[in-house]
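These notes are about the structure you will find just below.
The values are calculated or read from the model by the stated rules, or taken from the named source; none is laboratory data. Here the structure is a predicted model, which is why all the values come from computation and not from measurement. Every residue, glycine as well, gets a Cβ built from its backbone with ideal geometry; the counts of neighbours run over all protein chains shown. With ligands, DNA and RNA removed, areas are computed over all heavy atoms of the protein, side chains included. Shrake-Rupley method; radii C 1.70, N 1.55, O 1.52, S 1.80 Å.
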Amino acid sequence: MTQQHAISLWDVSAKEQDYHAPMEADSTVDVAIVGGGFTGLSTALHCAEKGLSAHVLEAEQIGFGGSGRNCGLVNAALWLPPQKVREKLGQTYGPRFIRKFGSGPEYVFSLIEKHQIQCEVTRSGTIHAAHGPSGFADLKERHKEWQRLGEPVDLLSRAEVSDMIGTTHFHGGLLDQRCGTINPMGYCRGLARAALAAGAKISTGARVTKLRRDGNLWKVETARGVVTAKAVVLGTNAYTDTLWPDLNRVFTMIHYFQLATKPMGSGADHILPGKQGLWDTGQIMFNIRRDAANRLLVGSMGKVVGSKDRGLSHRWAKKQIARIFPTLGPVEFEEAWHGQIAMTPDHLPRIYELATNLFTPIGYNGRGITTGTMFGETMAGLLTGMDRADLPLPMTELSTATSAPIMSRIYQSAFTANQILKAI
C-alpha cells in the first residue's frame, strides 16, 4: 500500500504486518464477528483463547474504521467523571464499570506485552489539559474523586502543566499515570496476529450483506460465502451501517480529524518531552501528541477540509501549532485524515442483545482503544457462560436517538465553523 492510499499515518508507519485474506468458502463456527477493529479482533482473540471457533468478517482491511484512524491515546474508558458514572448507572453497575474500565489501559498494555505487539507504546500517562479557568475547575472535581478512589491521577498547576507540555497556553491539567499512547494501527494488526495464532479466522474484503436466523443458528451472508454460527457479535461501533435495522441510530456520529507533521528531529523535543498524549477540556476538543518518529500530531472534532498541504484544515493546524508553540517555527505536514466516533446521549457505551445470540457493544464516545479491547473480553466471557448479572453494564434494549442524524449534521457544521474561525 502506498502512502497516497493510506487511511491514516498509522497505516504506513505501523511496524506490524498488515493481513489480507479474502473469504474463499463457506464456514461453520461458534461465533461470527462483524468488523476487524479493536472490538472484533479482541473478541476473536478472547473467544479463541477460551476454545471457541471464531471467524472475523471485515468489509475492507484490518483497522479500516475508527481503529486505524484513532489518535492513539490509551485513556481510561470513561468519558464522564466517576461521580457522574455512578449517578447514571447506580450503585451496582456504577462502581463496577469505573473499576473495570478504569483499569482498561493496564489491560491493553498487558496484551501488548503478552503478544509482543509492535505499536510504539509509551506508558508515561496522558494529560487532560484545562483550556481555561472553567476547565480547570472541572478537572479539580474529577481529581478529588480519583483521589478518593485511590487512582494515580495527579492535579497539575499551570506552571507544572506548562513544563510538561512545553507551552504556557493551558491553565492546568490532570496527569493520568495509568495511561499512555500507541500506534493504533500497529495495535490493531497485532491483535489480528494474536487472534490468528490462537486459532481464529479472519477474512478481509468480506462485507456482510445480511443476517438471518436458520433454526438455532445464524447465517451471516457475504458476496463470497456464508458463515454459519451459533452466535454473532457486531463490532462495528461508529461504522455501523444498515445491516441491522436502526442500529446506526442509537448514537450521534461525529468526525474527528488529525494532521501529522513530517518528522521534526530534535526540533520538537521541548513539546511533551515525556511523550504523554494530550487532550483538552474545550467544548470542541483538541489533542496533541508526538509519535516515535518525532512527528507532531494535532487534531480536533470535524472532517479534514482540503488536503494535507492546503485547504482549511491545513491552515487551522498551522495556526493552532503557531499559537500554542510560538517558538517552534514553520512546520510541514505529512498526512491528514479523519475517522468517526459514536457518541451516545449520556456518554456511556451500551451492550445490546439484538436477537437471540446476536450481540453488539456500541457507543464508545471516543474511547475506542480501551473500550473495544475490554468489550472483546466481555463478549468472550458472555459466550462462554458469564452470568449476565456480572456484566460491566446492564444489557439494555435497543433505543434509538431519533435526532441523531440531524445532530450529526449540526455538529459537523459547528466543527467546520470552528476550523474557519481558528484558521483566520
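Going by the structure shown, is W279 out of contact with any helix residue (DSSP H, G or I) (no Cβ under 9 Å at 6 or more places or on another chain) and not in a loop (DSSP other than H, G, I, E, B)? Show your work before the answer.
Working: out of contact with any helix residue (DSSP H, G or I) (no Cβ under 9 Å at 6 or more places or on another chain): yes; not in a loop (DSSP other than H, G, I, E, B): yes.
Judged against the criteria, W279 is a match.
Taking segment 349-376 only, how many residues are open to solvent by 10 Å² or more (accessible area, probe 1.4 Å) and not β-branched (V, I, T)? Let's see the steps before the verdict.
Narrowing segment 349-376 to residues open to solvent by 10 Å² or more (accessible area, probe 1.4 Å): 349-350, 353-357, 364, 366-368.
Checking which are not β-branched (V, I, T) leaves us with 349-350, 353-355, 357, 364, 366-368.
Number satisfying all stated conditions: 10.
Checking the structure you have, find out if any residue of segment 231-250 is surrounded by fewer than 20 Cβ atoms within 10 Å (Cβ to Cβ), of a type in the set (D, E, K, R), in contact with a Gly (Cβ under 9 Å, 6 or more places away or on another chain) and at positive phi.
Checking segment 231-250: not a single residue is surrounded by fewer than 20 Cβ atoms within 10 Å (Cβ to Cβ), of a type in the set (D, E, K, R), in contact with a Gly (Cβ under 9 Å, 6 or more places away or on another chain) and at positive phi.
Within segment 46-66, count every residue that is part of a loop (DSSP other than H, G, I, E, B) and open to solvent by less than 10 Å² (accessible area, probe 1.4 Å). Quick ask: steps written out before the conclusion?
Of all residues in segment 46-66, those part of a loop (DSSP other than H, G, I, E, B) come to 50-53, 58-65.
Cutting the leftovers down to open to solvent by less than 10 Å² (accessible area, probe 1.4 Å) gives us 62-63.
The total comes to 2.
If the Cβ limit is 6 Å and pairs must be 6+ apart or interchain, which residue in segment 63-87 that is closer than 13 Å to G180 by Cα pairs with which residue that is among the aromatic types (F, W, Y) and open to solvent by less than 10 Å² (accessible area, probe 1.4 Å)?
Every condition considered, the pairs that remain are A77/F101.
Regarding A404, is this residue of a type in the set (G, A, S), farther than 29 Å from A6 by Cα and in contact with a helix residue (DSSP H, G or I) (Cβ under 8 Å, 6 or more places away or on another chain)? Talk me through it step by step, then tell me what you get.
Details: of a type in the set (G, A, S): yes; farther than 29 Å from A6 by Cα: yes; in contact with a helix residue (DSSP H, G or I) (Cβ under 8 Å, 6 or more places away or on another chain): yes.
Yes, satisfied.
What's the number of the only condition in (1) assigned to a strand (DSSP E or B); (2) open to solvent by less than 20 Å² (accessible area, probe 1.4 Å) that L272 fails to meet?
It is condition (1) that L272 fails.
Is one or more of the residues making up segment 123-145 in contact (Cβ under 8 Å) with a residue 60 or more places away in the chain, hydroxyl-bearing (S, T, Y), out of contact with any strand residue (DSSP E or B) (no Cβ under 8 Å at 6 or more places or on another chain) and closer than 30 Å to Q17 by Cβ?
Scanning segment 123-145 turns up no residue that is in contact (Cβ under 8 Å) with a residue 60 or more places away in the chain, hydroxyl-bearing (S, T, Y), out of contact with any strand residue (DSSP E or B) (no Cβ under 8 Å at 6 or more places or on another chain) and closer than 30 Å to Q17 by Cβ.
So which of N248, N216 is out of contact with any Asp or Glu (no Cβ under 8 Å at 6 or more places or on another chain), of a type in the set (S, T, N, Q) and farther than 22 Å from A21 by Cβ? Show your work before the answer.
On the way: N248 fails: out of contact with any Asp or Glu (no Cβ under 8 Å at 6 or more places or on another chain).
So the residue among N248, N216 that is out of contact with any Asp or Glu (no Cβ under 8 Å at 6 or more places or on another chain), of a type in the set (S, T, N, Q) and farther than 22 Å from A21 by Cβ is N216.
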